[in-house]
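Notes follow once the structure below has been shown.
The values are calculated or read from the model by the stated rules, or taken from the named source; none is laboratory data. Because the structure is predicted, anything quoted here is derived from the model rather than measured. Note that we place each Cβ from the backbone using ideal geometry, even for glycine, and neighbour counts take in every protein chain shown.
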Amino acid sequence: MIRFLIHYGLHFVAPYFIATLYAKHSIQEKYRVYVLFLASMLVDLDHLVSDPVFDPHRLSVGHHFLHSYYALTLYAFALFYKRTRLLAFALIFHMFSDIMDYLLYLIGL
Ligand SMILES: [Zn+2]
(Lines give C-alpha, C1' and ligand atoms only; values in the text may rest on other atoms or scores of the structure.)
Protein backbone atom coordinates (compact mmCIF):
# COMPACT_ATOMS: atom_id res chain seq x y z
CA MET A 1 0.00 0.00 0.00
CA ILE A 2 2.86 2.39 0.81
CA ARG A 3 4.42 1.61 -2.58
CA PHE A 4 1.12 2.38 -4.31
CA LEU A 5 0.74 5.68 -2.43
CA ILE A 6 4.31 6.78 -3.15
CA HIS A 7 4.12 5.79 -6.82
CA TYR A 8 0.83 7.52 -7.54
CA GLY A 9 1.80 10.38 -5.23
CA LEU A 10 4.83 10.93 -7.46
CA HIS A 11 2.63 10.74 -10.58
CA PHE A 12 -0.27 12.93 -9.39
CA VAL A 13 0.57 14.89 -6.20
CA ALA A 14 4.25 15.79 -6.66
CA PRO A 15 3.57 17.41 -10.08
CA TYR A 16 1.08 19.71 -8.37
CA PHE A 17 3.80 20.94 -6.01
CA ILE A 18 6.31 21.20 -8.87
CA ALA A 19 3.76 23.26 -10.83
CA THR A 20 3.18 25.44 -7.78
CA LEU A 21 6.91 26.08 -7.41
CA TYR A 22 7.36 26.63 -11.15
CA ALA A 23 4.52 29.09 -11.60
CA LYS A 24 4.26 30.96 -8.33
CA HIS A 25 2.51 34.03 -9.70
CA SER A 26 0.06 32.69 -12.26
CA ILE A 27 -2.65 30.17 -11.51
CA GLN A 28 -3.23 29.55 -15.24
CA GLU A 29 0.47 28.78 -15.71
CA LYS A 30 0.40 26.53 -12.65
CA TYR A 31 -2.47 24.45 -14.05
CA ARG A 32 -0.89 24.41 -17.52
CA VAL A 33 2.26 22.92 -15.98
CA TYR A 34 0.24 20.45 -13.91
CA VAL A 35 -1.76 19.32 -16.95
CA LEU A 36 1.49 18.94 -18.90
CA PHE A 37 2.83 16.65 -16.16
CA LEU A 38 -0.39 14.64 -16.23
CA ALA A 39 -0.19 14.47 -20.04
CA SER A 40 3.35 13.13 -19.77
CA MET A 41 1.80 9.96 -18.40
CA LEU A 42 0.62 9.22 -21.94
CA VAL A 43 4.06 7.62 -22.38
CA ASP A 44 2.55 4.72 -20.44
CA LEU A 45 0.51 3.89 -23.55
CA ASP A 46 3.58 1.94 -24.65
CA HIS A 47 2.60 -0.64 -22.02
CA LEU A 48 -0.27 -1.63 -24.32
CA VAL A 49 2.11 -3.42 -26.69
CA SER A 50 3.69 -5.45 -23.89
CA ASP A 51 2.61 -8.79 -22.57
CA PRO A 52 1.50 -8.61 -19.82
CA VAL A 53 0.34 -5.00 -20.17
CA PHE A 54 1.01 -4.35 -16.48
CA ASP A 55 3.51 -6.22 -14.39
CA PRO A 56 4.08 -4.76 -10.91
CA HIS A 57 7.39 -6.63 -10.69
CA ARG A 58 8.86 -5.18 -13.88
CA LEU A 59 10.93 -2.02 -14.26
CA SER A 60 9.29 -0.01 -17.04
CA VAL A 61 12.43 1.99 -17.74
CA GLY A 62 14.49 0.09 -20.27
CA HIS A 63 11.61 -2.25 -21.12
CA HIS A 64 8.98 -0.24 -23.01
CA PHE A 65 9.96 1.79 -26.08
CA LEU A 66 8.89 5.20 -24.69
CA HIS A 67 10.71 4.25 -21.48
CA SER A 68 13.83 3.02 -23.31
CA TYR A 69 17.29 4.43 -22.78
CA TYR A 70 17.10 5.84 -26.32
CA ALA A 71 13.91 7.70 -25.42
CA LEU A 72 15.49 8.88 -22.16
CA THR A 73 18.46 10.23 -24.13
CA LEU A 74 16.03 12.13 -26.37
CA TYR A 75 14.23 13.53 -23.30
CA ALA A 76 17.59 14.61 -21.87
CA PHE A 77 18.48 16.45 -25.10
CA ALA A 78 15.04 18.08 -25.11
CA LEU A 79 15.97 19.73 -21.81
CA PHE A 80 18.35 22.00 -23.74
CA TYR A 81 15.55 23.59 -25.82
CA LYS A 82 13.31 26.08 -24.12
CA ARG A 83 10.20 24.98 -26.06
CA THR A 84 10.54 21.34 -25.00
CA ARG A 85 12.23 21.80 -21.62
CA LEU A 86 9.16 21.49 -19.42
CA LEU A 87 7.79 18.43 -21.23
CA ALA A 88 11.24 16.83 -21.11
CA PHE A 89 11.43 17.48 -17.38
CA ALA A 90 7.95 15.99 -16.91
CA LEU A 91 8.96 12.88 -18.87
CA ILE A 92 12.20 12.48 -16.93
CA PHE A 93 10.27 12.94 -13.68
CA HIS A 94 7.88 10.23 -14.88
CA MET A 95 10.84 7.88 -15.40
CA PHE A 96 12.14 8.80 -11.93
CA SER A 97 8.72 7.90 -10.49
CA ASP A 98 8.73 4.55 -12.28
CA ILE A 99 12.27 3.81 -11.05
CA MET A 100 11.28 4.73 -7.50
CA ASP A 101 8.33 2.34 -7.75
CA TYR A 102 10.64 -0.49 -8.79
CA LEU A 103 13.14 0.33 -6.02
CA LEU A 104 10.29 0.21 -3.48
CA TYR A 105 9.36 -3.20 -4.88
CA LEU A 106 12.98 -4.37 -4.51
CA ILE A 107 13.13 -3.35 -0.85
CA GLY A 108 9.87 -5.13 -0.21
CA LEU A 109 7.41 -2.29 0.27
ZN1 LIG B 1 5.78 4.90 -16.91
Contact list, first residue from the range 86-109 and touching a residue at least 12 places away in the same chain (Cβ under 8 Å) and in a helix (DSSP H, G or I), second anywhere and charged (D, E, K, R) and surrounded by 16 or more Cβ atoms within 10 Å (Cβ to Cβ), beta-carbon distance below 6 Å, six or more apart or interchain, is 104/3
Scanning the range 1-26 for residues that are touching a residue at least 40 places away in the same chain (Cβ under 8 Å) and hydrophobic (A, V, I, L, M, F, W, C) gives 2, 6, 10, 14, 18
Within the range 43-94, restricting to residues that are modelled with pLDDT of 95 or more, within 20 Å of residue 12 (Cβ to Cβ) and of a type in the set (Gly, Ala, Ser), the one that is surrounded by the fewest Cβ atoms within 10 Å (Cβ to Cβ) is 88
Quiz item: Is one or more of the residues making up the range 33-47 part of a helix (DSSP H, G or I), within 19 Å of residue 3 (Cα to Cα) and within 11 Å of the ligand (Cβ to nearest atom)?
Solution: yes
Regarding residue 76, is this residue among the hydrophobic types (A, V, I, L, M, F, W, C), away from the ligand (no atom under 12 Å from the Cβ) and part of a helix (DSSP H, G or I)? yes
Expected output for the range 49-68 (first residue more than 14 Å from residue 96 (Cα to Cα) and in a loop (DSSP other than H, G, I, E, B), partner within 11 Å of the ligand (Cβ to nearest atom) and at pLDDT 85 or above, Cβ below 7 Å, 6+ apart or cross-chain) is 50/64; 53/47; 54/47; 64/46; 64/47
Practice task
Please indicate, with yes or no, whether at least one residue in the range 34-42 is at negative phi and either over 17 Å from the mean Cα position of the chain (by Cα) or modelled with pLDDT under 90 (or both).
Solution key: no
